[in-house]
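Right, one structure below, let's go through it.
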Amino acid sequence: MRSFFKENKDALKIQEEEKVREYISKYLKELQRHFDMPDDTMRSIIYKIYQDLSPYHFFKIFMKNKLDMLKSFCEDKFRKY
């Protein structure tokens, strides 16, 4: 019985995702028409927005900051010698 409900929940989730994808694609087409942009430019803009909003982006920023700190620490340490 649990698997039946889980399958139905998964099916609903998939339907919702499809609705969201359709809405986003329609909205993007409208934006493209309004700003008169080609597909490649619009996709690159959307990809940049997606990268900024993803949780992995925050991890990349965190790691970059840590690596920059380590790099500066190492450079300072080796300058003394």
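The values are calculated or read from the model by the stated rules, or taken from the named source; none is laboratory data. Since this is a predicted model, take the numbers as computed values, not measurements. Quick reminder, even Gly has a Cβ in these numbers, built from the backbone with ideal geometry, and neighbours come from all protein chains shown. Quick note on the areas: whole protein, heavy atoms, side chains included, nothing else; ligands and nucleic acids left out. Shrake-Rupley method; radii C 1.70, N 1.55, O 1.52, S 1.80 Å.
Just so you know, in the range 1-37 the residues that are assigned to a loop (DSSP other than H, G, I, E, B) and open to solvent by 80 Å² or more (accessible area, probe 1.4 Å) include one that is modelled with the lowest pLDDT, and it is 1.
When 63, 42, 69 are checked against the criterion of being part of a helix (DSSP H, G or I), within 18 Å of the chain's Cα centre (by Cα) and at pLDDT 85 or above, 63 stands alone in meeting it.
Name the residues in the range 45-72 that are of a type in the set (S, T, N, Q) and within 19 Å of residue 21 (Cβ to Cβ), would you? Of everything in the range 45-72, those that are of a type in the set (S, T, N, Q) and within 19 Å of residue 21 (Cβ to Cβ) turn out to be 51, 54.
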